[in-house]
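Presented below is the structure to which this report refers.
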2 protein chains.
Amino acid sequence: MNMDSLSIFVGYNLKRAMAVVQADLVRVLARHNLKLGTFTVLAAIGDAPGIAAIRLAELLGIERSNLVAILDDLGRRGLITRSASLTDRRSHELHRTAEGAAVFQAALADVHDHEAKVFAGLTTEERAEMIRLCQKLWAT
Amino acid sequence: MNMDSLSIFVGYNLKRAMAVVQADLVRVLARHNLKLGTFTVLAAIGDAPGIAAIRLAELLGIERSNLVAILDDLGRRGLITRSASLTDRRSHELHRTAEGAAVFQAALADVHDHEAKVFAGLTTEERAEMIRLCQKLWAT
DNA sequence: TATTGTTATACTCTATAACTATA
DNA sequence: TATAGTTATAGAGTATAACAATA
């Protein structure tokens, strides 16, 4: 028995693993002038064109107030559009522009490479298992 | 095939899982006036009494500059001591006080409860597997 | 010259409360 | 009244550069 007090906790190991993964991902996304938040939002809007900000925030598990700066950033750069809904003028429909889709696709390719590199020590089955276990924690 | 662009990535699922775990842990530690950083440092000093700050930072994977405020906090509250090393007066030996050990033990019990609750949806084997997979990513 | 602890700084992420315009 | 988007703000974590004391 030579265990320390921390590494017996799942949460601590999750955090240390996350730090390794994030450090590389942040570096990769920076090449596209994207941050974790902007990349994630760009992906989600592409998956659900026309989605309202409040739904997007729910989907990504972030506060809607924190989404605003991300949308401002993407909008300012012409990567997304915000158009008032015709049926409810409180909500805005979010869409990716052609340039937004192009920037996302370029970044996506690099993110795939990043995952392949960072998780090279895990087999395909282990990666799938990790996704499955993580989703048991956060997915509905 | 009804997958979205993000949930196929291990990193994204790691992050979402982490968010769930951390939210609860932060709440639990707050009951002991501890933050993630102070709890972690308190644990590590207990495991390695007399450790120097620079070694502690390496051990926990944090910047030594960011450790200072944590040690200041714990020191101010009388939970740790910093004494200059006799062999190298640049470095300080870190020790937990009796009160520091008591505060840690009380928090530790709650953290165990927290883990049991948050990972209740995972079997014992799944938790062990998650630790194993995470350690493949960050441990030497 | 190199290392330890420290200070200063800045940026990201996150959480909460309150405002506005609409419903 | 309740909801969508927004603003403001504060806390926590993180990364970098530079300094003083010591090796």
Next on the checklist: I want to confirm something. Restricting to segment A:76-118 and keeping residues that are among the polar types (S, T, N, Q) and away from DNA strand D (no atom under 16 Å from the Cβ), which single residue is farthest from B:Ile131 (Cα to Cα)?
Outcome noted: A:Thr97
Next on the checklist: Taking the criterion of being within 12 Å of DNA strand D (Cβ to nearest atom), surrounded by fewer than 19 Cβ atoms within 10 Å (Cβ to Cβ) and within 13 Å of another protein chain (Cβ to nearest Cβ), would at least one residue in segment A:65-75 satisfy it?
Outcome noted: yes
Item to check | Count - residues of segment A:1-24 that are more than 8 Å from chain B (Cβ to nearest Cβ) and either outside any loop (DSSP other than H, G, I, E, B) or in contact with a strand residue (DSSP E or B) (Cβ under 6 Å, 6 or more places away or on another chain) (or both) | outcome: 2
Next on the checklist: Condition first: open to solvent by 70 Å² or more (accessible area, probe 1.4 Å) and either within 8 Å of DNA strand C (Cβ to nearest atom) or more than 12 Å from the chain's Cα centre (by Cα) (or both). Now tell me which residues in segment B:48-61 satisfy that.
Outcome noted: B:Pro49, B:Ile54, B:Arg55, B:Glu58
Item to check | Qualifying position, being polar (S, T, N, Q) and in contact with a Cys (Cβ under 8 Å, 6 or more places away or on another chain), among A:Asn13, A:Asn33, A:Asn66 | outcome: A:Asn13
Checklist entry - Quick one: is B:Ala44 away from DNA strand C (no atom under 12 Å from the Cβ), closer than 22 Å to A:Asn13 by Cβ, small (Gly, Ala, Ser) and within 11 Å of another protein chain (Cβ to nearest Cβ)? => result yes
Checklist entry - Conditions: (1) open to solvent by 40 Å² or more (accessible area, probe 1.4 Å); (2) in a loop (DSSP other than H, G, I, E, B); (3) farther than 30 Å from A:Ile131 by Cβ. B:Gly121 meets all but one. Number of the miss? => result (3)
Item to check | Residues that are more than 9 Å from every other protein chain (Cβ to nearest Cβ), in a helix (DSSP H, G or I) and more than 9 Å from DNA strand D (Cβ to nearest atom), drawn from segment B:25-41 | outcome: B:Arg27, B:Val28, B:Val41
Item to check | All positions within segment B:78-99 that are in a loop (DSSP other than H, G, I, E, B), at pLDDT 95 or above, more than 12 Å from DNA strand C (Cβ to nearest atom) and exposed (fewer than 15 other Cβ atoms within 10 Å of the Cβ) | outcome: B:Gly78
Checklist outcome for this item: (1) under 24 Å from B:Leu137 (Cβ atoms); (2) away from chain A (no Cβ under 13 Å) all hold for B:Ala53 apart from (1)
Checklist entry - Going through segment A:62-77 one residue at a time, which ones are of a type in the set (Lys, Arg) and either within 8 Å of DNA strand C (Cβ to nearest atom) or assigned to a helix (DSSP H, G or I) (or both)? => result A:Arg64, A:Arg76
Next on the checklist: So, in segment A:1-59, exactly how many residues are under 25 Å from B:Phe39 (Cβ atoms) and of a type in the set (Lys, Arg)?
Outcome noted: 2
Checklist entry - In segment A:113-124, is there at least one residue being aliphatic (A, V, I, L, M), away from DNA strand C (no atom under 16 Å from the Cβ) and more than 14 Å from chain B (Cβ to nearest Cβ)? => result no
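The values are calculated or read from the model by the stated rules, or taken from the named source; none is laboratory data. On a predicted model such as this, the values are computed, not experimentally measured, just so you know. Because the Cβ atoms are built from the backbone with ideal geometry, glycine has one as well, and the counts that use them run over all protein chains shown. The area values use the complete protein model at the heavy-atom level, side chains included, leaving out ligands, DNA and RNA. Shrake-Rupley method; radii C 1.70, N 1.55, O 1.52, S 1.80 Å.
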